[in-house]
1. Could you check how much of the accessible area of region 14-135 is carbon and sulfur, as a whole percent, using a 1.4 Å probe?
2. For region 95-101, take each phi angle, set θ = phi - 60°, evaluate the Karplus expression 6.51 cos²θ - 1.76 cosθ + 1.60, and give the result in whole Hz per residue in order, putting x for glycine and proline.
3. About the Cα centre, and with charges only on the beta carbon of Lys, Arg (+1) and Asp, Glu (-1), how big is the dipole of region 1-123? Nearest 20 debye, please.
4. Is the shape of the chain best called rounded, prolate or oblate, per the rule: a/c under 1.5 gives rounded, else a/b larger than b/c gives prolate, else oblate, with a ≥ b ≥ c the square roots of the Cα gyration tensor eigenvalues?
5. What pairs from Lys148/Lys172; Lys28/Lys98; Lys2/Lys28; Lys37/Lys148 go past 23 Å between their alpha carbons?
6. Name the long-range amide H neighbours of Val51: under 5 Å, sequence gap of 5 or more, or other chain; modelled H, no Pro or chain starts.
7. Within 10 Å of each candidate Cβ there may be at most 14 other Cβ atoms; applying that plus a DSSP loop requirement, which GluC sites (Glu not before Pro) in region 1-59 survive?
8. Give the accessible area for His47 in Å² (nearest 10); use a 1.4 Å probe, count only protein heavy atoms, and leave out ligands, DNA and RNA.
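The values are calculated or read from the model by the stated rules, or taken from the named source; none is laboratory data. Treat the numbers as computed from the prediction; the structure is a model and nothing was measured. With ideal geometry, Cβ positions are generated from the backbone for all residues, glycine too; neighbour counts draw on all protein chains shown. These area figures cover heavy atoms from the full protein model, side chains too; ligands, DNA and RNA do not enter into them. Shrake-Rupley method; radii C 1.70, N 1.55, O 1.52, S 1.80 Å.
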Amino acid sequence: MKGIRIFLAEGFEETEALATLDVLRRGKIDAKTVSTKEEGTLVTGSHGIPVLADMSFSEFLSGLQEEGTGPYDVMIFPGGMPGTRNLAANERLMDLMKRHHALGGTVAAICAAPGLVVSQLDDLEGIRFTCYDGFEEHLLAKGAEYVKAPAVADGTLITGRGAGCAIDFGLKILEHLRGPEAAEAVRRGLMI
């Protein structure tokens with residue numbers, strides 16, 4: 001996969017998706033949202049807020065390019081219920097995530113998504129992560145190390161703790177993509 005994509009399933013956590021998107025776009029990153037619906041771009045969040053994604057899942061698939069995938073190509077998964085369960089149950093999306101990560105692409109997930117989505121990756125031994133309290137079990141079982149922090153980056157895996165940490169999560173992704181100076185400039189602009 002080429003580019004930076006935030007995947008929105010029905011019931012996603014609005015703050016985690018939109019604050020992350022906002023931080024990335026403030027940092028001059030061309031991030032796009034993808035509905036996990038085959039057709040249609042209207043996705044409703046876990047708090048009943050409708051969001052119009054930039055593209056449907058079929059549009060995403062039609063533009064998919066795996067050749068040359070690297071750490072600056074990022075698949076982002078917000079948490080929220082039942083959104084995270086809907087992401088994890090999407091076999092095509094999970095297969096794409098596994099292939100993306102195996103090719104060297106970055107995976108970023110926040111809240112319940114590290115525990116339900118990222119845990120489907122195979123190569124997690126010794127990787128540091130964070131997530132919403134109570135969702136660490138599957139990653140720990142694969143040898144990953146839980147860190148109680150707002151956001152954690154370890155190689156091509158970036159994780160966030162929950163909705164209140166969404167800006168930190170977005171800044172961690174921005175730092176990964178454009179460096180600490182870019183992240184600090186956005187942080188100052190947000191008066192954090």
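1. On the way: 2720 of 5310 Å².
Solvent-exposed carbon and sulfur of region 14-135 make up 51 percent of the total.
2. 5, 4, 4, 4, 5, 4, 5
3. 220
4. Judged from the Cα gyration tensor, the chain comes out rounded (a/c under 1.5).
5. Lys28/Lys98; Lys37/Lys148
6. Val43, Thr44, Gly45
7. Details: sites: Glu10, Glu13, Glu14, Glu16, Glu38, Glu39, Glu59; in loops: Glu10, Glu13, Glu38, Glu39.
Passing sites in region 1-59 are Glu38, Glu39.
8. 130
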